[in-house]
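In what follows, a structure is listed as structure tokens, so that the remarks can point back to it.
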Amino acid sequence: MKNRQIIKEQNGGSAVEFALVLPVLLLLVFGIIEWSLYMFNSHVITNASREGARKGIVAASPRVPLSDIETAVNKYSDSHLITFADVKPSPLTKISLDGISNKTCPAGSGFDHYLAVEVKYDYTFLLLSGLTGGLIPRFKTITARTSMTCE
């Protein structure tokens with residue numbers, strides 16, 4: 001008879017333990033998902049800077065204007081970035097040639113000039129910044145820089 005009373009008194013223990021563990025488990029699962037999306041978008045921004053640099057260094061007559069390089073970066077990032085923001089922000093693109101801003105590869109430049117494309121993107125965290133009470137910032141800037149030799 002005593003055994004039955006002990007079992008009846010422990011019926012709610014599992015529910016209480018589950019209620020204590022559930023928030024930590026959900027924070028861990030959503031943290032993994034959120035960080036995975038951040039890392040994926042970081043790779044997308046890196047590839048977008050490569051696409052822009054490749055577009056700018058290819059030997060063509062006349063040379064590709066800066067607007068075409070920015071279009072290549074935006075086109076790649078728009079089709080591959082994953083974001084939960086209301087309006088998908090476009091990345092900021094900075095193009096320079098041997099440290100001189102707003103220049104493209106000169107015609108017949110040979111291999112002594114480098115074209116650099118830098119792309120910055122503000123990634124918006126969906127859930128973690130709110131749950132951690134501001135411990136994780138709402139935005140994190142992803143920066144990628146690619147430098148290639150002019151052809």
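The values are calculated or read from the model by the stated rules, or taken from the named source; none is laboratory data. For clarity, every value in this text was computed on a predicted model and none was experimentally measured. Cβ placement follows ideal geometry from the backbone for every residue including glycine, while neighbour counts extend to all protein chains displayed.
Brief remarks follow.
- Verdict on Ser79 being outside any loop (DSSP other than H, G, I, E, B), closer than 19 Å to Thr149 by Cβ and either of a type in the set (S, T, N, Q) or at pLDDT below 75 (or both): no
- Selection status of Glu34, within 21 Å of Ala116 (Cβ to Cβ) and in contact with a helix residue (DSSP H, G or I) (Cβ under 8 Å, 6 or more places away or on another chain): no
- Count - residues of segment 82-108 that are farther than 16 Å from Lys120 by Cα and modelled with pLDDT of 80 or more: 0
- Checked against the criteria, Tyr123 does not count as within 30 Å of Glu34 (Cα to Cα) and modelled with pLDDT of 90 or more.
- Test: Thr132 is modelled with pLDDT under 85, surrounded by 12 or more Cβ atoms within 10 Å (Cβ to Cβ), within 27 Å of Leu26 (Cα to Cα) and within 19 Å of the chain's Cα centre (by Cα): no
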